[in-house]
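Here's the structure we're looking at; comments come further down.
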Ligand SMILES: Nc1ncnc2c1ncn2[C@@H]1O[C@H](COP(=O)(O)OP(=O)(O)OP(=O)(O)O)[C@@H](O)[C@H]1O
Ligand SMILES: Nc1ncnc2c1ncn2[C@@H]1O[C@H](COP(=O)(O)OP(=O)(O)OP(=O)(O)O)[C@@H](O)[C@H]1O
Ligand SMILES: [Mg+2]
Ligand SMILES: [Mg+2]
């Protein structure tokens, strides 16, 4: 459902597909590998990233590969260098915790473009990155904000919940954006946020969700990646109709009864966009482009679009209308969801979403 | 011509090799129905190997086994049991936490659809016990029984399974004299009821008391077969060792018999080892030593007699600093060493010859050099500037190996590769050569053959004569009588008898060991 | 603490208990037979993987159950080859088996999974009893696999005490020489112990998939439960009923973590403290229960028949 | 020495060959050309300067964790907590590096951070050491369970105590307070020299010190050693301390290396693979180095499997496990004195 579908490509090589030196002038394809923290078919973050590989403009003659799940810094380094040594031109890392590993690969292989995210680098960080390195970020809170809008309208109990894995900024911003969105349309909503410390422990995720449900929550946002299964399990056994909003991938098929919608961050679009930029030599200041940091949000690349409701009865036409209105405001900048850094109240701080005044951001 | 009934068990040309070493070399044994047939031989002669082969633990390399005239081949003990052969091993094979009944029926449990019929099992076991005339509470956990009781359970197991041929490997090693007499009586009864018994023992007195036939094995080969009337202790000892004639006295004679006399004059040395009012607990937490007091003087061997499990282990461990003492005082050479670590206790001049030489005496996988240096290194000697002095250690090891005639004397071989006797010599070499003021020795000749026993006894007498105080604890009464200048009896963690060897009266002595009241 | 909170706590505790309980039961059987199975974590993971795999190809719950058990049996067979036949050291072998299971399930789930989806196994409210306030729901309205684990604990207790196999199994762990002398093959007993034990542990994985995983596999989803089980077994002194009790306590401890995040005055405690709590408690308990000795022959390979 | 080497190395080679056969069969079964896979593996491990560097870097860490297993194992004590000790070493090291004042010379900071790493691992390992020595707890279970506690503690430090902007790693140490790189390809740093020194030191201790003698004696004959006057308690505590210190150094080598930070998934089971390293080395300290290189090569090389032949890289740990199990099952590696 994402943009980027394009003209039928000619198979010939494009003259500017050379972001890197060496192998590229003679019609060699532009080779890129994605290193991610999940499997290509995890029906979550990595699945969405991997889907992006099929959406690359065919005219660019890109050859791609995908590796996941990778967990430790060493694995990223080893995989990265393995591909780099095998003549790949670009390495895209979709794990926010691996900046050091990514920078190291970039330093070791100056001819290869290395992109890593999601991160929100400081000015100092950006200055210290090598020239063949690029950072990317996605404004997840735009997406969970929209999910919050839906949740705020759907909830019967005025209590919503979120189960999250690790307690670090890239995760914290998700539930905080969620409650902010809900409060934007429903001032009475409160949230129960649980951190389980694991993205794979379905038992813990389920227990956390059950606790929230027992406390009255009837719409749950997942920030636990693959352990979202535990949330389905909890919602299925709930005493009242309870919905789950998974992330990254339209998960309707996984649990048609409980999935309200999914927050799609358009990771596929981001992936395709970054690779296209790479193939066209726009990445890294060494090759003429001077951008090192790409921050994707709802306004610029539909980051945070919600998946189809698949005819869910809880979604009334009024709700759809309200949602469309908020989407419009997000797109035109009337509403600006706070970022992760900022003087006032970064959204990656615990409790921010429940304390920021919705009116102050344009609701 | 008389038609003789087939032999109960006939072994023909049994050969068993371990690698290049031949443990059983074409051995023939003929066991008649209803007899007690003794296998006699030095340590390592191959007796246990032979029994294990018959019982299906291992297959012979060649040779055949006939039971009641029919050739058999056992792949496992189960086959042997099915053919009516049962074996009691040198080390018991009982499940301590199981009841007598459970132990007895194990492997042939009355069950319906996999469900145990406990009541039926208990009744059946009780019936078997009654048949032999043993009084058992079949519901009692075996771990709570005394050694002799456990031994009976072992035999009961075989009888219950219908075994008619019993293979008993050193069943008397752990028993008190009274218990041995009881066992011999039992065997006599079984023989009378038609069972055939193959008995392994090192104690010649038992052989003369019960054997119908004796097969003497040396170096894996049958040397002699003797029938009743053809042997006495001297003949047997000679046949075993291959020497002309061995004085039974050296082996240890019956209590009160002719023995090497203890020294005529009682030594008047200083008290070098003294325990006063010592109490300690066993591993299980039960009282093991209760207000125990004893002393040993310089130049004196004090023999500590007693039935297995009356606190001997704990006593040795308490002296060595391995077991915490709850109350009382232990003094070595006048120094109070109560509560000291083994290292400090050792430093005051204590040598220990433990009963279990493989487990407590040597480190089997270390070399002779390392084993001979064990104490010195532990004491922090044998090093200069923190660096171990291997050359000096080696030199001393070489010296000890030749002094104590440890064979084979390859310094770099592991101690575990030594035979039992040589392993014991190694322990003695280490413990006695440092000039200890006190030596505590537990069953120092346990399981050793006649020749080895002599060597060990000579060494112990030699240190005694050099002025060392020796506390000798032994399950073997004969040994205590052969060596001790003064005899103590330990019973339930207390010293119940303390008399000079010369004044010892046989009856009171034996009685004391099983807890009878004593008038010495 | 109000009754809703209490009821939730109990429901969650019991449901968190089930996979650990299965693993503990499996470990009890293995250790009773004289084999220390450090590979329990791997068995759990493999069981979860197999069940989820067949479910993802559209198979029924029953097939998933069979697949879980089947993989457990196969794993037990492999362990038997290693520990019983080849006498591989059990601690090292176990660590390697865990490594193997983690790599294998991750790689093969990626390669082989289907795309059918399924949900949890159904709950089974027991009439009347499940209406009792607070405890009713916790005890009598649970997933069928949760009940099954409890039944299995009771059954295993009975089997160990009252059956011929149980008696022999215990003998194999306590005094294999006695069993051998009685003409029973120690090896065969241990093989059966490993196969049954691994199958029970694998059922823990199946349970995880079908009570919490909504029928799906997640990489490393066992999350250390097999290791907790090792401690549980020690504390329970190889008694299945005690294991039931102890795993329930562990479940409660873990369940508290989530209440704590909701309850105001406890929310200041870092989440990590709660996550580490079951392990810390297990360590303390293992240290305090120092008198506990393994069945005498555990960890020692049998060299005879 | 030479004979010992040959006696040790020959069967290892034989069994490596045997498990190679096993793996080849596995590969054939999954439809992959085994030669392509194996050459990919070799390429990945030693194919170019960079991969050689990486292999050496990982080998350094594995040699440390191998030592962490080897030292207590020699006294027949099961330290399977190398993973947690590594993490605690990393935590101590990073916290020290970050908290020391800038005014200190960077060399001093690095040295103190390394020492802190060793101490962190040692202190953590003393928990099972002391509990075993004085309370009689099972050192195996305690050390195993402590891994989880350590990893959680490290995660707390990362996300809460000194997080960087992502919250998934600690703040980074300045470049001049990281370990000096001695070979830029693959970022091989001075910890390689350190591990060789440490391993050699242990080998020397084993042969020439009372401590080494005591550890071997206790390992090979606990009761005899006790009776001779060696203290099993002090051997228990000290072997765990030394082993923990080694694992802690492994953690320090990781965080003070190229990245200069502690991240959430710092170790790819290095603590557990260390157990295999120690075993394949036959518990002989010097053999730990080649053994660590072997496992590092397997693990680094297997990363090349996917790019070259399309096999999931997780098969790398499968490969390691199969190799070790094959070595164990063929009795090429055998624990001495394990029968009791
Ligand atoms: N398990 C074994 N494996 C290989 N060789 C062994 C083994 N046990 C003993 N030996 C060797 O077999 C030989 C005979 O040992 P054995 O125990 O029979 O000695 P022995 O004749 O009884 O001596 P002693 O009277 O001193 O006990 C010895 O040289 C010993 O090293
Ligand atoms: N499994 C084995 N491997 C190698 N050698 C063995 C083995 N078992 C026994 N031996 C050796 O075979 C020889 C005979 O041992 P066996 O145990 O039969 O002697 P024995 O006559 O019973 O001695 P003892 O009187 O000490 O019990 C000994 O040298 C022993 O060391
Ligand atoms: Mg012998
Ligand atoms: Mg014998």
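Tallying residues that are surrounded by fewer than 24 Cβ atoms within 10 Å (Cβ to Cβ), in contact with a helix residue (DSSP H, G or I) (Cβ under 8 Å, 6 or more places away or on another chain) and assigned to a helix (DSSP H, G or I) within the stretch D:280-297 yields 6. Scanning the stretch A:151-186 for residues that are out of contact with any helix residue (DSSP H, G or I) (no Cβ under 6 Å at 6 or more places or on another chain) and modelled with pLDDT of 95 or more yields A:154, A:155, A:156, A:157, A:158, A:159, A:175.
Among the residues making up the stretch D:169-185, those that are modelled with pLDDT of 85 or more and in a loop (DSSP other than H, G, I, E, B) are D:171, D:172, D:173, D:174, D:178, D:179, D:180.
Please return the ranges of helices (runs of 4 or more DSSP H) entirely within the stretch B:326-435 where 2 or more residues are surrounded by fewer than 17 Cβ atoms within 10 Å (Cβ to Cβ) and under 28 Å from the mean Cα position of the chain (by Cα).
Values: elements: B:342-347, B:368-372, B:374-378, B:390-403, B:420-433.
Of the helices (runs of 4 or more DSSP H) lying wholly inside the stretch B:326-435, those with at least 2 residues that are surrounded by fewer than 17 Cβ atoms within 10 Å (Cβ to Cβ) and under 28 Å from the mean Cα position of the chain (by Cα) span B:390-403.
Scanning the stretch B:436-446 for residues that are within 16 Å of ligand 4 (Cβ to nearest atom) and surrounded by 24 or more Cβ atoms within 10 Å (Cβ to Cβ) yields one hit, B:445. Among the conditions (1) assigned to a helix (DSSP H, G or I); (2) within 16 Å of ligand 1 (Cβ to nearest atom); (3) within 13 Å of chain C (Cβ to nearest Cβ), the only one that residue B:50 does not satisfy is (3).
Quick one: would you say residue B:33 is in contact (Cβ under 8 Å) with a residue 40 or more places away in the chain and either assigned to a loop (DSSP other than H, G, I, E, B) or outside the structural domain of residue B:183 (by TED's automatic domain parsing) (or both)? When the stated conditions are applied, residue B:33 passes them.
Cβ separations smaller than 9 Å between residues 6+ apart or across chains give the following pairs from the stretch B:395-420 residues that are more than 14 Å from every other protein chain (Cβ to nearest Cβ) and on the phi > 0 side of the Ramachandran plot to residues that are within 16 Å of ligand 3 (Cβ to nearest atom) and assigned to a helix (DSSP H, G or I): B:405/B:422; B:405/B:425; B:405/B:455. Scan the stretch B:33-47 for residues that are closer than 17 Å to residue B:224 by Cβ and within 15 Å of ligand 1 (Cβ to nearest atom) and the total you get is 7. Candidates are the residues of the stretch D:298-321 that are over 12 Å from residue D:268 (Cβ atoms), at the interface with chain C (Cβ under 7 Å from one of its Cβ atoms) and assigned to a helix (DSSP H, G or I); the one that is modelled with the lowest pLDDT is D:315.
Applying the set (1) in contact with a helix residue (DSSP H, G or I) (Cβ under 6 Å, 6 or more places away or on another chain); (2) outside any loop (DSSP other than H, G, I, E, B) to residue D:194 leaves exactly one unmet item: (1).
Within the stretch D:123-149, can you find the residues that are part of a helix (DSSP H, G or I), facing another protein chain (nearest Cβ under 7 Å) and without any contact (Cβ under 8 Å) to a residue 40 or more places away in the chain? Answer for the stretch D:123-149, where residues must be part of a helix (DSSP H, G or I), facing another protein chain (nearest Cβ under 7 Å) and without any contact (Cβ under 8 Å) to a residue 40 or more places away in the chain: D:131, D:135, D:141, D:145. Residue B:471 passes every criterion in (1) more than 16 Å from ligand 3 (Cβ to nearest atom); (2) more than 14 Å from chain D (Cβ to nearest Cβ); (3) part of a helix (DSSP H, G or I) apart from (3). Residue B:158 meets all of the listed conditions (1) in the same structural domain as residue B:35 (by TED's automatic domain parsing); (2) touching a residue at least 60 places away in the same chain (Cβ under 8 Å); (3) more than 16 Å from ligand 2 (Cβ to nearest atom) but one, namely (1). Could you pull out the residue among B:53, B:49 that is away from ligand 3 (no atom under 16 Å from the Cβ), within 29 Å of residue B:238 (Cα to Cα) and buried (at least 20 other Cβ atoms within 10 Å of the Cβ)? Going through B:53, B:49 in turn, just one is away from ligand 3 (no atom under 16 Å from the Cβ), within 29 Å of residue B:238 (Cα to Cα) and buried (at least 20 other Cβ atoms within 10 Å of the Cβ): B:53. Within the bounds of the stretch B:101-108, is there any residue that is in contact with a strand residue (DSSP E or B) (Cβ under 9 Å, 6 or more places away or on another chain), assigned by TED's automatic domain parsing to the domain that holds residue B:17 and either away from ligand 2 (no atom under 16 Å from the Cβ) or part of a loop (DSSP other than H, G, I, E, B) (or both)? No, every residue in the stretch B:101-108 fails to be in contact with a strand residue (DSSP E or B) (Cβ under 9 Å, 6 or more places away or on another chain), assigned by TED's automatic domain parsing to the domain that holds residue B:17 and either away from ligand 2 (no atom under 16 Å from the Cβ) or part of a loop (DSSP other than H, G, I, E, B) (or both).
Tell me, please, whether a residue that is within 16 Å of ligand 4 (Cβ to nearest atom) and within 14 Å of chain C (Cβ to nearest Cβ) can be found in the stretch B:29-47. The answer is no; no qualifying residue exists.
Figure legend. Inter-residue proximity from the stretch B:218-230: first residues closer than 14 Å to residue B:35 by Cα, second residues away from ligand 2 (no atom under 16 Å from the Cβ) and assigned to a loop (DSSP other than H, G, I, E, B), beta-carbon distance below 6 Å, spacing 6+ or different chains. Indicated pairs: B:228/B:212.
Within the stretch B:18-30, can you find the residues that are near ligand 2 (Cβ under 9 Å from one of its atoms) and either free of Cβ contacts under 8 Å to residues at least 60 places away in the same chain or farther than 25 Å from residue B:212 by Cβ (or both)? Spell out how you get there, then give the answer.
Filtering the stretch B:18-30 for residues near ligand 2 (Cβ under 9 Å from one of its atoms) gives B:18-19, B:21-24.
Result: B:18, B:19, B:21, B:22, B:23.
Give the stretch B:69-82 a look and list any residue that's in a loop (DSSP other than H, G, I, E, B) and either surrounded by 17 or more Cβ atoms within 10 Å (Cβ to Cβ) or within 16 Å of ligand 1 (Cβ to nearest atom) (or both), or say none.
Of the stretch B:69-82, the ones in a loop (DSSP other than H, G, I, E, B) are B:69, B:73-76.
Matches in the stretch B:69-82: B:74, B:76.
All but one of (1) within 19 Å of residue B:354 (Cα to Cα); (2) within 16 Å of ligand 1 (Cβ to nearest atom); (3) outside any helix (DSSP H, G or I) hold for residue B:457, so report the exception by its number. Against the list (1) within 19 Å of residue B:354 (Cα to Cα); (2) within 16 Å of ligand 1 (Cβ to nearest atom); (3) outside any helix (DSSP H, G or I), residue B:457 comes up short only on (3). From the residues in the stretch A:226-241 that are more than 17 Å from residue C:122 (Cβ to Cβ) and surrounded by fewer than 24 Cβ atoms within 10 Å (Cβ to Cβ), which one is farthest from the chain's Cα centre (by Cα)? So, considering only residues that are more than 17 Å from residue C:122 (Cβ to Cβ) and surrounded by fewer than 24 Cβ atoms within 10 Å (Cβ to Cβ), the one farthest from the chain's Cα centre (by Cα) is A:240.
Every residue, every condition in (1) surrounded by 22 or more Cβ atoms within 10 Å (Cβ to Cβ); (2) assigned to a strand (DSSP E or B), yes or no:
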residue: B:127; (1), (2): no, no
residue: B:136; (1), (2): no, no
residue: B:168; (1), (2): yes, yes
residue: B:171; (1), (2): yes, no
residue: B:190; (1), (2): no, no
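Only one of the numbered conditions (1) more than 11 Å from chain D (Cβ to nearest Cβ); (2) surrounded by 23 or more Cβ atoms within 10 Å (Cβ to Cβ) is not met by residue C:304, and that is (2). Does residue B:66 satisfy being within 16 Å of ligand 3 (Cβ to nearest atom) and at pLDDT 90 or above? Spelling it out, it is not the case that residue B:66 is within 16 Å of ligand 3 (Cβ to nearest atom) and at pLDDT 90 or above.
The values are calculated or read from the model by the stated rules, or taken from the named source; none is laboratory data. In this text the structure is predicted, and so the values were computed from the model without any measurement. Neighbour counts run over all protein chains shown; Cβ positions are idealised from the backbone, glycine included.
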